[in-house]
Amino acid sequence: MTPPYQVKKVSDEGSSSPFISRISMGILFFRDQLFLIDTDGQQRRASLNHFDQQFKPMYEAAQATRDAAIRVCELVDSHRSAIQNGNLIQFRANQYDILETIDKPLSQAVDLLIDQTIIATKTGLQKILKDPLNLDIGFFFQKDKDFHEGLKNLRALGENDLAQYLQDVRVNWHSKLQELRTEHEHGGWSLDSIEYELTAPYTVKINLPTVLGMPVNEFVLKTANRVLFFIENMMVYAMLRYSHQSPIFVVEIPIESRNPLNPKRFRLAPKGLDGSTPWVITYQDAREFV
């Protein structure tokens, strides 16, 4: 390659963002140190390119999920503030007028989030786990009979931690999310409108629509964080499993010990030389990404 070189800006975020640090930089670091550890030359280049081709659609859907959640919260916060300040309300003798609503953009952002969560997990993540990482979790997205048979097969292979983790994810949120996506796509589900309530002579309160029993802003935050945790956990687990003969293991960095400039969650440690406790894949439900 000869000058002039081309440089393109792709994001305003850097390593201080948990999403960039963990879903982008973190996973690609493990790609190099675990997945590609025993390859070199042309084989390494081909394996890297194939991994990146599979990684890109999952990553983009994960980013779209995160961005849709942020958009929902921005819409809700801005609208609530404008209502509380009285900027969007006109009071008359026997009525009050809401001068602007956010029902349409709010519904569009929620629709996008629901669609992208399933694309990120059922399509993108499932695909890269199967090829090139040799971990088939297709049963996770199937009906109960197939799901439980898949768990049984994992346990027969000694992968009890993974089986328990997948069961916890499915029971706690993914099956409900998948059902919601099906209802949205085939049953005509859509987000309800915001309701407004006069609580004092010149005070109006907004009541947000709910999704799966949660106010919409809480739903999108929980869902985005759950999806990103799921992707991170499964990718790290699969690459560690893929390179099981490697002389290194994965350690989870306590949240209070993470560098704010690069809050990565994991580090690699040499077997026999580091007394840290190896990471075990387990279910968690925390707000660390959004």
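Coordinate-derived values only; no laboratory data. Everything numeric here is computed off the predicted structure, so don't read it as measured data. When we count neighbours, we look across all protein chains shown, and the Cβ atoms used for this are built from the backbone with ideal geometry, even at glycine.
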(message) Over 27 Å between Cα atoms: which of K122/K205; K222/K264; K127/K152; K145/K176; K122/K145 fall into that group?
(response) K122/K205
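Rank by packing, highest mean first: peptides 106-112, 128-134, with packing defined as the count of other Cβ atoms within 10 Å averaged across residues. Don't jump to the answer; show the numbers that get you there.
Details: 106-112: 19.6, 128-134: 18.0.
In decreasing order of mean packing, 106-112, 128-134 become 106-112, 128-134.
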(request) Return the whole-Å distance between the Cα centroid of segment 246-286 and the Cα centroid of segment 12-40. (result) 14
(message) Along the charge dipole of segment 18-270, pointing to its positive end and built from +1/-1 on Cβ of Lys, Arg, Asp and Glu, which listed residue (F51, L151, I23) has its Cα farthest out?
(response) F51
(message) Cut-off is 10 Å between beta-carbons; in what order do S78, S175 appear when sorted fewest neighbours first?
(response) S78, S175
(request) Please give, to one decimal in nm, the separation of the simple spin-label points placed at H50 and Y196, each 7 Å out from Cα toward the Cβ. (result) 5.8
(message) Using +1 at the C-beta of Lys and Arg and -1 at the C-beta of Asp and Glu, which of I83, T210, V72 has the Cα lying farthest in the positive direction of the dipole of the chain?
(response) V72
(message) Under the rule that an exposed site lies in a DSSP loop and has at most 16 other Cβ atoms within 10 Å, name the longest stretch of the chain with no GluC sites (Glu not before Pro) of that kind, not counting the sites themselves.
(response) 101-287
(request) Could you tell me the distance between the Cα centroids of segment 44-104 and segment 124-140, to the nearest Å? (result) 29
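Mean Kyte-Doolittle hydropathy of -0.5 or higher plus an axial Cα length of 27 Å or more: which whole DSSP H helices in the chain meet both?
Helix filter hits for the chain: 216-242.
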(request) Report, in debye and to the nearest 20, how large the dipole of the chain comes out about its Cα centre when Lys and Arg carry +1 and Asp and Glu carry -1 on their Cβ. (result) 640
(message) Per DSSP helix of 4 or more residues, -39500 (n - 2.57); summed, then divided by the residues of the chain. What does that give at 222 nm, rounded to the nearest 500?
(response) -15000 deg cm²/dmol
(message) So if I restrict to the alpha-carbon atoms in the chain, what is the Rg, and what is Dmax, the biggest pairwise distance, in Å?
(response) 22.5, 79
(request) May I ask you to evaluate 6.51 cos²θ - 1.76 cosθ + 1.60, the Karplus curve with θ = phi - 60°, for each residue of segment 90-97 and list the ³J(HN,Hα) values in order in whole Hz, giving x for glycine and proline? (result) 10, 8, 10, 4, 10, 7, 9, 10
(request) Please arrange V211, V220 by counting, for each residue, the other beta carbons lying within 10 Å of its beta carbon, fewest first. (result) V211, V220
